[in-house]
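In what follows, a single structure is set out as structure tokens and then discussed.
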């Protein structure tokens, strides 16, 4: 049975049409996804996200040595995006790390929460560190006055994640959220990024990697790629003149150079070979012409 969000009864009272999406049962829409996508303030049931609490006196030092961002610099109430990577520099998880007074809360794709916990526990030897999958649900709140909580960077609206009750913002369903996410260019685990990618290939370098933080598992590989070469492929946004679907091959002069990972209307995300990542490059995806754009969220 797919995970069912604890917020669904309250959301159904607000008109949610519930169904499967992103491996969970969540609110798909509230009658008009196009109108929801135009909201400037909204609350979204992020049921495909899960919270993992890391406690113990060694938690900061331990996680700092396991991920790409600088956990030691986080003050209470602050958050950051990070990638937990293996010794080959490949991603084990994309996480939002939130520092509280007595824990680090890691918000991660729900399907990847236990694999991440298993990976981290293999490195806990004499460390005072405990990991626990929280039973709390995860909400995204966007626009307006934002509450305290970890950053939620997926949409082109300022956002935070919260773990309590719904507030009075208009609800947005998964369909509108996914459309906005793809247009914003932010990758989703299991769709646009996964354990076969370096974090740079997923476009996370600007916010998730600190090259001056010192040693961590996988650091040598990531530093070598940064210093001496470039990732062999890259997540880009495609502007399309026709429909495409996930898995559609991306072609250059009739040769396959990548594939579509997410698509919504005339926008898509795709992994393409490094030779074809430059903005303005003209490609093809299915029967559509595709023009490469940089990921909008990471563009100054």
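The values are calculated or read from the model by the stated rules, or taken from the named source; none is laboratory data. These figures come from a predicted structure and were not determined experimentally. Please note: Cβ atoms are built from the backbone with ideal geometry, for glycine as well, and neighbour counts cover all protein chains shown.
If residue 245 satisfies every condition in (1) in the same structural domain as residue 81 (by TED's automatic domain parsing); (2) touching a residue at least 40 places away in the same chain (Cβ under 8 Å) but one, which is the exception? Failed condition: (1). Among the residues examined, residue 216 qualifies as surrounded by 19 or more Cβ atoms within 10 Å (Cβ to Cβ) and in a loop (DSSP other than H, G, I, E, B).
Under the condition of being part of a strand (DSSP E or B) and closer than 27 Å to residue 157 by Cβ, which residue from region 280-298 is nearest to the chain's Cα centre (by Cα)? Of everything passing the filter in region 280-298, 293 is nearest to the chain's Cα centre (by Cα). Test residue 252 against the stated conditions and say whether it is touching a helix residue (DSSP H, G or I) at 6+ places or on another chain (Cβ under 6 Å) and at pLDDT 95 or above. Against the criterion (touching a helix residue (DSSP H, G or I) at 6+ places or on another chain (Cβ under 6 Å) and at pLDDT 95 or above), residue 252 qualifies.
Among the residues of this structure, residue 258 counts as one that is buried (at least 21 other Cβ atoms within 10 Å of the Cβ) and touching a strand residue (DSSP E or B) at 6+ places or on another chain (Cβ under 9 Å). Within the set 113, 83, the sole residue that is under 26 Å from residue 196 (Cβ atoms) and in contact with a helix residue (DSSP H, G or I) (Cβ under 6 Å, 6 or more places away or on another chain) turns out to be 83.
Every listed requirement among (1) surrounded by 15 or more Cβ atoms within 10 Å (Cβ to Cβ); (2) more than 19 Å from residue 77 (Cα to Cα); (3) in contact (Cβ under 8 Å) with a residue 40 or more places away in the chain is met by residue 155 save one, (3).
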